[in-house]
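Student: Quick one: structure below, then a few questions.
The values are calculated or read from the model by the stated rules, or taken from the named source; none is laboratory data. Given the structure is predicted, the values throughout are model-derived calculations rather than measurements. Here the Cβ positions follow ideal geometry from the backbone for every residue, glycine too, while neighbour counts run over all protein chains shown. SASA here: full protein model, heavy atoms, side chains in, ligands and nucleic acids out. Shrake-Rupley method; radii C 1.70, N 1.55, O 1.52, S 1.80 Å.
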Amino acid sequence: MLSQLNLYHYRNYDQVDISFSKGIQLLTGKNAQGKTNILEAILYLSTTRSHRTKDDQDLIRKGSDAFFMKGMILKENRKEDIRITVNEKGKNLFIYGNPINKVSDFIGEFNAVMFCPDDMMLFNASPRVRRRFVDMELSKVSKKYTITLTKAQKLLKERNSYLKQDSVDDTFLEVVTDQLIDASVIVMKQRFFFLKKLLAKCQTFYEKLTQDDTMLDIEYISCVEFDENEEELKKRLKLRYQKSLQRDKFMKQTTHGIHKEDFIFKLNDQDLNSYASQGQKRSVLLAMKIGMVYMIEEIIHEYPVLLLDDVFSELDETRKMKLLTFLPESVQIFITTTDQLELKDIECKRDVCVYHVDHGTIQRCEGGNAHG
């Protein structure tokens, strides 16, 4: 769990030094005061990236040239100090004050799963958004995936750069392509089995949330048909790249590969985006996030922090109660809302700490530690 958060010059916050407890952390306040910024910062400590912007410079408070964040993490009765600083030169990561050079060595030290209104775009957004979702969630539980994906992206960049040259040496291009295929096979296998496991979790919790036995599915769309046999998958990818070689040379870029993959969510064999209601989509997303909480615990034996950004207000009382019932009491939950939620009205049996967020300040409310 996250026991303490320190922010300096982050978004609309000049300085934040706040402690958190187990159970539910309820962040209240009017719109545009900085509630989501707190959750974004917690997620950033987990993934080293924002869910709202690709440019880290956007996170630096106006008028400042850098931001600093620190999280104190409690793990099995021991504390772990993780820190991130970002300035115009880049990003620096630290664990216990020691610099960490590789992102893959930092991600996974502290895990958080977020559910926010923008997640509803997952189903109708571009394939890039869905790949980013899978990459982000997978990186939390597999350092091998993070390392291999980074390697594949570098090889892809190298291949594209070489294809843009006036003269292309086919022998050298084949060497780079073979290396890209080797990395791609690992990425594809991890994506396939991750989605398969997530689908099973999602189906279970969707049925419990909705009392509906609608069948869910996730179709993995790639440039070749997936095969669990690694050598067969390599052969299929190599043939695909051979067939597209002339087109790649003409387009001066790699036209097929893991950077073009997509994952289509379905209800009863129909595309969820066009077939499902808003309520069904929200329930699928909620079931997915609950599934991720359990998947992370099964793999690393620690529950992640769950971040719910302005989502509780969109759920009916039954789903609110079910959500809290499905989650183990040891899961720390952060909820942002413009309303003072009466969690006791939904039979909440967790400790609840209330914080008020106002114009870039966050303060624990008097008597804010209550039992729902």
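Student: List the relative contact order of region 40-148 as a percent without decimals, with contacts defined as Cα pairs under 8 Å and 6+ residues apart.
Tutor: 22 percent
Student: Let me have the 222 nm mean residue ellipticity of the chain computed from DSSP H runs of 4+ only, each contributing -39500 (n - 2.57), with the sum over all residues rounded to the nearest 500. Don't skip to the answer; put the middle values down first.
Tutor: Working: 10 runs with 150 residues, N = 372.
Taken over the chain, the calculation gives -13000 deg cm²/dmol.
Student: In the structure displayed, which of Lys151/Lys281; Lys201/Lys238; Lys54/Lys91; Lys154/Lys266 lie more than 23 Å apart, Cα to Cα? Don't jump to the answer; show the numbers that get you there.
Tutor: On the way: Lys151/Lys281 34 Å; Lys201/Lys238 34 Å; Lys54/Lys91 13 Å; Lys154/Lys266 32 Å.
Cα-Cα > 23 Å for Lys151/Lys281; Lys201/Lys238; Lys154/Lys266; rest within.
Student: Rounded to the nearest 5, what % of DSSP beta bridges with both residues in the chain are antiparallel? All intermediate terms of the calculation are to be shown ahead of the outcome.
Tutor: Working: 47 of 65 bridges.
Restricted to the chain, the bridges split so that about 70 percent are antiparallel.
Student: Rounded to the nearest 0.05, what FRET efficiency do Lys22 and Met251 have when you use their Cβ-Cβ distance and R0 = 56 Å? Before the final figure, lay out the partial values.
Tutor: Values: r = 54 Å, r/R0 = 0.97.
The formula returns an efficiency of 0.55 here.
Student: Cut-off 10 angstrom, C-alpha nodes, Gaussian network model of the chain. Which of Ala200, Ala41, Ala112 fluctuates the most?
Tutor: The residue with the greatest mean-square fluctuation here is Ala200.
Student: Ok, one more. Using every Cα-Cα pair within the chain, state what percent have a distance larger than 38 Å.
Tutor: Working: 15979 of 69006 pairs.
Here the long-distance tail beyond 38 Å is 23 percent of all Cα pairs in the chain.
Student: Over the Cα atoms, compute the radius of gyration (one decimal) and Dmax (the largest Cα-Cα distance, rounded to a whole number) for region 32-191, in Å.
Tutor: Cα-based Rg and Dmax for region 32-191 come out at 18.4, 60 Å.
Student: Considering the dipole of region 130-228 built from charges on the beta carbon (Lys and Arg +1, Asp and Glu -1) around the Cα centre, which of Thr146, Thr171, Ile186 is farthest to its positive end?
Tutor: Towards the positive end, the residue furthest out is Thr146.
Student: Here is a further query. Work out the length of the dipole vector of region 43-127 about its Cα centre, built from +1 on the beta-carbon of each Lys and Arg and -1 on the beta-carbon of each Asp and Glu, and round it to the nearest 20 debye. List each step's numbers first, then the result.
Tutor: Values: 13 positive and 12 negative charges, 40 e Å.
Result for region 43-127 is approximately 200 debye, rounded to the nearest 20.
Student: Of Ser330, Tyr294, Asn229, which is farthest towards the positive pole of region 218-372's charge dipole, taken about the Cα centre with +1 and -1 on the beta-carbons of Lys, Arg and Asp, Glu respectively?
Tutor: Positive-end residue among those listed: Asn229.
Student: How big is the accessible area of His359 in square angstrom, nearest 10, if you roll a 1.4 angstrom probe over the protein chains?
Tutor: 140 Å²
Student: Then there's this: For the pair Gln242 and Glu329, how long in nm is the line joining their label points, each one 7 Å along Cα→Cβ?
Tutor: Between Gln242 and Glu329, the simple spin-label model gives 6.2 nm.
Student: Each residue of region 31-44 in order: what ³J(HN,Hα) in whole Hz does its phi give by Karplus 6.51 cos²θ - 1.76 cosθ + 1.60, θ = phi - 60°, with x for Gly and Pro?
Tutor: My calculation for region 31-44 gives 5, 6, 9, x, 5, 5, 4, 5, 5, 4, 5, 5, 5, 5 Hz in order.
Student: Which whole-number percent is the relative contact order of the chain (Cα, under 8 Å, 6+ apart)?
Tutor: On the way: 634 pairs, mean separation 91.5, N = 372.
25 percent.
Student: What FRET efficiency do you get for Ser126 and Ser64 if R0 is 25 Å and r is their Cβ-Cβ distance, rounded to the nearest 0.05? It would help to have the intermediate numbers written out before the result.
Tutor: Numbers: r = 33 Å, r/R0 = 1.30.
Step by step, r from the Cβ atoms, then E = 0.15.
Student: Of all the accessible heavy-atom surface of region 214-259, with the other protein chains kept in place and a 1.4 Å probe, what percent is carbon and sulfur? Walk me through the numbers before you get to the answer.
Tutor: Numbers: 1380 of 2800 Å².
Carbon and sulfur atoms account for 49 percent of the accessible area of region 214-259.
Student: Given Cβ point charges of +1 (Lys, Arg) and -1 (Asp, Glu) and nothing else, what value in debye, to the nearest 20, does the dipole of region 203-333 about its Cα centre take?
Tutor: Values: 18 positive and 25 negative charges, 182 e Å.
Taking the Cα centre of region 203-333 as origin, the dipole is about 880 debye.
Student: Sticking with this structure for a sec: At 1.4 Å probe size, with no ligands or nucleic acids counted, give the accessible surface of Ile100 in Å², nearest ten.
Tutor: Only protein atoms counted, so the area is about 40 Å².
Student: Where in region 110-144 does the label zone of Gln278 land, with the point 7 angstrom along Cα→C-beta and an amide N cut-off under 19 Å?
Tutor: 115-125
Student: Further, regarding this structure: Explain nothing, just the number: dipole magnitude of the chain about its Cα centre with +1 on each Lys and Arg Cβ and -1 on each Asp and Glu Cβ, in debye rounded to the nearest 20.
Tutor: Working: 56 positive and 56 negative charges, 173 e Å.
Magnitude of the dipole: close to 820 debye.
Student: Step through the residues of region 63-71 one at a time and calculate ³J(HN,Hα) from phi using the Karplus curve (6.51 cos²θ - 1.76 cosθ + 1.60, θ = phi - 60°), rounding each to whole Hz and writing x for Gly and Pro.
Tutor: x, 10, 10, 6, 10, 9, 9, 9, x
Student: Against the longest principal axis of the chain, how steep is helix 317-326, in degrees 0 to 90 to the nearest 10, with axes from Cα atoms?
Tutor: In the chain, helix 317-326 runs at an angle near 70 degrees to the longest axis.
Student: Multiply the residue separation of His301 and Asp178 by 0.36 nm, subtract the distance between their alpha-carbon atoms, and state the gained length in nm to one decimal.
Tutor: Values: separation 123, 0.36 × 123 = 44.28 nm, distance 3.61 nm.
So the chain would gain 40.7 nm between His301 and Asp178.
Student: Right, next: For the ranges 84-95, 184-195, what's the packing order if you count other beta-carbon atoms within 10 Å of each residue, average per peptide, and put the highest first?
Tutor: On the way: 84-95: 14.7, 184-195: 19.9.
With the highest mean Cβ count within 10 Å placed first, the list reads 184-195, 84-95.
Student: Relative contact order, percent, of region 225-340 when contacts are C-alpha pairs under 8 Å separated by at least 6 residues? Walk me through the intermediate numbers first.
Tutor: Values: 67 pairs, mean separation 18.5, N = 116.
This gives 16 percent for region 225-340.
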